[in-house]
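The values are calculated or read from the model by the stated rules, or taken from the named source; none is laboratory data. The model shown is predicted, which means the values in this text are computed figures rather than measured ones. All Cβ positions, glycine included, derive from the backbone under ideal geometry; neighbour counts span all protein chains shown. The protein model used for the area step is the full one, side chains on, heavy atoms only, and it has no ligands, DNA or RNA in it. Shrake-Rupley method; radii C 1.70, N 1.55, O 1.52, S 1.80 Å.
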Amino acid sequence: MTPLYWIAIGVAVTILTAPAAGALDLAEIFGTLLLVIGWFRLTRALEDLQLRLTLSYLALAALAVAVVLAFPVPREWLEDADPALLWASSLPALGFQAGLAHVMARRARAAGERTGVWWLVAAVAIGVAVVANVLYDAAGWRWLYGVGTVGLSGVMLFVVMAAVHGGRTWAGAPEPEPEPDPEPDTGVAAAADD
């Protein structure tokens with residue numbers, strides 16, 4: 001399985017599963033672990049990745065946050081705490097997704113793919129939602145209510161783009177194996193017809 005497929009499945013698992021009240025949230029850990037595995041496979045497949053160190057730190061921070069918040073007590077405490085803490089806990093994962101979308105947009109454009117613009121749209125949508133959340137909570141700009149759906153749309157677009165482009169060589173997929181040469185015609189069939 002190619003690296004972007006691992007990442008797409010990991011992000012999909014984390015956003016499509018909700019923990020049961022008072023239960024251990026293993027789906028969040030599993031999804032983030034798939035994301036981290038996919039990221040490190042991507043870094044091995046593509047030697048020239050930009051933002052490699054930054055995205056590695058963000059992926060590992062997202063895994064650490066997922067492990068801590070998988071337990072019911074910290075998760076319930078965070079839900080009752082200041083909204084800024086809840087926002088801050090989502091930053092590693094969202095930062096990773098926005099950063100990787102930006103990198104994939106540049107790689108797609110370099111490969112001549114027009115669809116690279118959709119990676120950029122996903123990165124911008126995630127970034128807008130992160131900033132809008134701060135302005136909504138801290139500055140009291142209540143008219144920004146609902147901009148979080150833009151971020152969710154950006155994350156969903158990220159998953160779709162990772163699934164669509166996962167098989168491309170510029171996105172970390174292995175080079176396709178060349179087809180074997182057809183058997184040369186030795187003239188045996190022509191001699192048999194005579």
Give all pairs with beta carbons closer than 9 Å in which a residue from the stretch 115-128 that is hydroxyl-bearing (Ser, Thr, Tyr) and at pLDDT below 95 meets a residue that is open to solvent by less than 50 Å² (accessible area, probe 1.4 Å) and not in a helix (DSSP H, G or I); count only pairs at least 6 apart in sequence or on separate chains. none
Given (1) at pLDDT 85 or above; (2) open to solvent by less than 80 Å² (accessible area, probe 1.4 Å); (3) charged (D, E, K, R), residue 75 misses just (1)
Kindly check whether there is at least one residue in the stretch 148-164 that is at pLDDT below 90, open to solvent by 60 Å² or more (accessible area, probe 1.4 Å) and not in a helix (DSSP H, G or I). no
Here are some conditions: (1) surrounded by 20 or more Cβ atoms within 10 Å (Cβ to Cβ); (2) not in a helix (DSSP H, G or I). Residue 125 meets all but one. Which one does it not meet? (2)
Verdict on residue 55 being under 17 Å from residue 162 (Cβ atoms), modelled with pLDDT of 90 or more, part of a helix (DSSP H, G or I) and open to solvent by less than 40 Å² (accessible area, probe 1.4 Å): yes
Within the stretch 95-120, how many residues turn out to be open to solvent by 50 Å² or more (accessible area, probe 1.4 Å), assigned to a helix (DSSP H, G or I) and of a type in the set (A, V, I, L, M, F, W, C)? 4
Which residues, counting only those in the stretch 3-26, are open to solvent by 20 Å² or more (accessible area, probe 1.4 Å) and either at pLDDT 90 or above or not small (Gly, Ala, Ser) (or both)? 5, 6, 9, 12, 13, 14, 15, 16, 17, 19, 24, 26
Residue 49 passes all but one of the listed conditions (1) in a loop (DSSP other than H, G, I, E, B); (2) open to solvent by 50 Å² or more (accessible area, probe 1.4 Å); (3) under 17 Å from residue 100 (Cα atoms); the exception is number (2)
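Determine, yes or no, whether residue 73 is touching a residue at least 12 places away in the same chain (Cβ under 8 Å) and either not in a helix (DSSP H, G or I) or not acidic (Asp, Glu) (or both).
no
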Those residues of the stretch 33-48 which are closer than 13 Å to residue 162 by Cβ and of a type in the set (A, V, I, L, M, F, W, C) amount to 34, 35, 39, 42
(1) within 21 Å of residue 122 (Cα to Cα); (2) of a type outside the set (Asp, Glu); (3) assigned to a helix (DSSP H, G or I): which one isn't true of residue 41, the others all being true? (1)
